[in-house]
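Single-structure report; data block below.
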Amino acid sequence: LKLLRLPSSGPVAPPHQARGMARVTSSCPQCCGEGCRYHGRHGSRSCRGCEDAARSQHSPHWLRFPAHRVIREDFLRHKRLQISLGRIPRCAGCGKRDAKGRVDEVQSRNFYCTACWAKYDGDRLVEHFDEPDVLEQKCAALAKMISSARHIIAFTGAGVSTGAGIADFRSGLNTKLPTGPGMWELPKADRQAGNILEQCAQAKPGRAHKSLVRLWKAGLLKHIITQNVDGLHRKSGIPANALSELHGNIFVERCTKCDDEFERDFNVICSGGLTGRHCDRARCGGALRHSGVGFGQDLSEKITDKAWKECERADLCLALGSSITVTPASDMPAYVAERHRGKPDKGLVIANLQSTPCDGQAALRLNGMVDDILERVEAILHEKGVLPSDVDLLST
């Protein structure tokens, strides 16, 4: 078994490369039991228990390095293991040790005692809005960063599509979003009838999508990495080669034989994966599978490799409408932030309503509606002549 050995200095290896080094290589079909996160689909992976057991046999020397230098999943596994052995960490809020406390595995990765967790969990879904004059200053600062950047990428989440009428997942019950509370925050009895994929299939690109495509047409934005499956970036005019759709696209099916993609004008998601259609490529005829990625499934290696190459080239990443909590996608903006740490005009910019685990690493954090922020930044770029005059702000 090989554990990740991180250097104490020098450039940080991209997490997609580091993860390959850190993965435990043994498989666990023989020990699969209740609670196994890979139940029934191990492949070459190990269940959480076996990974923790393997790591407990080695000195956790890698924890001597700052947490941002460690793959977050590895850090969490070690913390869970320590708690299970009775080694309770100090609360991130008050410093006390509480055996009934818990780890926030979704956002901060910190351990909280019972009292601090109650307060923290209440604050987790709080939406933050900058005062108008503050937001204006931040938009001007972002426009300046965009003007000087060499390779800009966008990392988009569900918050980009709320303006198109698609509800997100994590907005609280008191959200200011017109789409209402997030799907995961509502009791099942209160959720709207129908499937969220139906909303995606009927939606049209919103203001944020249109702003991004105009920045791309102007040559300012080079690539978009998205966690969304709604296909709205493609519908807005972003070509497939300028997109990395990490979790798939409900309108795209892929050949299981030659890997060619076929974009449809209808939702191709279906149970079982295979759509019943076949590849149109001459002498292929392979079965087509929808491109959607379910929870717990592996992402497309081809797509993630493309996304990581863009992250390695990027000197500015715009994280828009994302909680930056779903791994491994969330490692990407965090990597850009770490790579350009200490550079005030480069690295990571976050525009979101709720807090994210990467707020402390961001060069700039804007609190507001993504639609409003992008349109204001776009207007400033236009005023300064950075955005060409032939890119009409009202078109697209």
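The values are calculated or read from the model by the stated rules, or taken from the named source; none is laboratory data. What you are looking at is a predicted structure, and each value in this text was computed from that prediction instead of being measured. For the accessible areas, the whole protein counts, side chains as well, though only heavy atoms, and no ligand, DNA or RNA atoms are used. Shrake-Rupley method; radii C 1.70, N 1.55, O 1.52, S 1.80 Å.
Can you give me the solvent accessible area of ASP265 with a 1.4 Å probe, rounded to the nearest 10 Å²?
About 140 Å², rounded to the nearest 10.
Is there a pair in LYS217/LYS302; LYS235/LYS384; LYS222/LYS302 whose C-alpha atoms are over 22 Å apart, and which pairs would that be?
Going by Cα-Cα distance, LYS217/LYS302; LYS235/LYS384 fall outside the 22 Å limit.
Just the ratio, please: alpha-carbon radius of gyration of segment 248-327 over 2.2 N^0.38 Å, N its number of residues.
Relative to the rule-of-thumb radius for its length, segment 248-327 sits at 1.29.
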